[in-house]
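Data first, discussion second: the structure below is written as structure tokens.
The values are calculated or read from the model by the stated rules, or taken from the named source; none is laboratory data. Since this is a predicted model, take the numbers as computed values, not measurements. Here the Cβ positions follow ideal geometry from the backbone for every residue, glycine too, while neighbour counts run over all protein chains shown. We work out accessible area using only protein heavy atoms, side chains counted, and drop any ligands, DNA or RNA first. Shrake-Rupley method; radii C 1.70, N 1.55, O 1.52, S 1.80 Å.
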Amino acid sequence: MRVVIVGGGAGGLSTASNIRKYDKDAEITVITRDKHVAYSPCAIPYVMCGEVECFDDIVMHQPEDYRERNIDILTETEVEEVDSHEKTVTYVKDGKRQEIPYDVLVLATGGSPFIPPVEGVDLEGVFTIRTLTDGERISEWASKSKKAVVVGAGLIGLEIAYGLLKMGLEVTVTEMLPQIVPRSLDPDMAAIVQEYLEEKGIRVVLGKALERITGDERVEAVAVGDECIEADLVVLATGVRPETKLARMAGCELGQWAVKVNERMQTSVPDIYAVGDCVEVYDAVTGFRTQSPLGSTAVRQARVAARNIVGIDATFRPVLNAMVSKIGELEFGAVGLTEVMALQSGIKVVSGKKRALTKARYYPGAERIDVKMICDLKGRIIGCQMVAKERVAERVDTMSLAISQGLTCSDLAWTEFSYAPPVSMVIDPIILAAEAACEKLKRVNSKQDD
């Protein structure tokens, strides 16, 4: 079996490795335009802020490591054509145009940074952030810069902003929406994170769109709304758009957002699979098609695709988009729908919020934790958000399991949790938030009965 995989990110390489796990004889070729393979893009900001020593440390494998497992990696190679009738892929490597046949094709083309259509985005000192090479270039430019503007207050924008701050730059983050991290946090929870960033020295400008970037050859300032901000470095963290060109060329059906796949990660074209940021998924709460541009999603999809390719039945479940981030000392995470997203989807909700501690109150080092739980009017938990300086990730994972199992706030309020003073309160903050949601739900249902 000849398998060609286009894309060397988490989805592509995980697909290759999992196919090899089950099939020792398959001919596997991975084609990527990237110079590096098997690195963690999520770790780029942590190199910049000094948490990780250097960019080489986030590269986990070299192409030679895969070749030892009989997986051929073609780096710095551009795929130009996919012919699904002849079952061939045409690519350019070192200026030479070549063709490779396939029995199975996997599209793991990921996404491309969205560049706002405004004046000045092509000036020197203006960067997008997607690859390790992007991180290296930004770090090099930042070493000779003083003032940075990060456009976009999503996860990567905030993480990069903090990295630049730690490098000694004066940093401003701008966001066209009225809050930071709009995909994952409600405004009240986002405000807690914003307060921390501002305490650290990052200026946050909300509700103002990027108008233009000014300068002669190099960037000198950024205009957002009615304000002009001086900058000698600009990072456009304005989102990612799925790369669907090759899928379209191959005749694969596209949906509202990206490539359509079934639960086995198969496209509409026989023998073509797709994984990662270039595909659509189903939301586990709403049932609507959505996007899940997370490395964890890509790896799970890769495992499903690989099993089906080698003849082992596997299915990919709808997503809850569980996420967690750490900026400086602060962790924040979320899973499921926000209150805003639920209302936009036509779901009436109640939310329970609680501010508690991560340890027993008398234990040294106890940190504040804020938990917000969102439930529908039947009490079913559909989302949760948390902000604290420790132990957020495991609580997000707990809530992911709770939501996927259809638990109600009442179910959770009576669930048994472990306890020891150095690591928890005797009543976990999750339970306290669930109890708050239960109380609010009782009041809402009582009013409806009246």
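Could you check the simple spin-label distance between Ser112 and Cys42, using points 7 Å along Cα→Cβ, in nm with one decimal? Reported label-point gap for Ser112 and Cys42 is 2.6 nm. Entry note, the chain: the mean residue ellipticity at 222 nm calculated from DSSP H runs of n ≥ 4, each adding -39500 (n - 2.57), is -8500 deg cm²/dmol after division by the residues and rounding to the nearest 500. Cα centroids of segment 319-369 and segment 18-57: how far apart, whole angstrom? The two parts, judged by their Cα centres, are 30 Å apart. Normalised by 2.2 N^0.38 Å, where N is the number of residues, the C-alpha radius of gyration of segment 26-82 stands at 1.35. Extension gain, Gln448 to Glu390: 0.36 nm times the residue separation minus the Cα-Cα distance gives 16.9 nm.
A Förster radius of 60 Å combined with the Cβ-Cβ distance from Leu357 to Gln98 puts the calculated FRET efficiency at roughly 0.50.
Separation of segment 183-232 from segment 291-311 is 35 Å, based on Cα centroids. This structure gives volume of the Cα convex hull per residue in Å³, computed directly, and of (1) 150; (2) 190; (3) 168 that value is listed as (3). Normalised by the number of residues in the chain, the mean separation of alpha-carbon contacts (under 8 Å, six or more apart) gives a relative contact order of 13 percent. Computed over protein heavy atoms with a 1.4 Å probe, the accessible surface of segment 1-110 works out to 49 Å² per residue.
A crude spin-label estimate for the pair Arg137 and Arg248, with each label 7 Å from Cα along the Cβ direction, gives 2.4 nm.
The calculated FRET efficiency for the pair Arg212 and Thr88, based on their C-beta separation and a Förster distance of 45 Å, comes to about 0.55. Between Arg368 and Ser296, residue separation times 0.36 nm minus the direct Cα-Cα distance comes to 23.1 nm. Surface composition of segment 6-83: carbon and sulfur atoms hold 44% of the protein heavy-atom accessible area at a 1.4 Å probe.
Just the protein heavy atoms count here, and of the accessible area of segment 279-334 at 1.4 Å, carbon and sulfur take up 50 percent. Where both bridge residues fall in the chain, DSSP classifies roughly 60% of the beta bridges as antiparallel. Split the accessible area of segment 165-252 by element, probe 1.4 Å, and carbon with sulfur accounts for 46%.
Residue pairs exceeding 25 angstrom between C-alpha atoms, taken from Lys87/Lys260; Lys21/Lys260; Lys348/Lys372; Lys35/Lys200; Lys93/Lys245; Lys35/Lys96: Lys21/Lys260; Lys35/Lys200.
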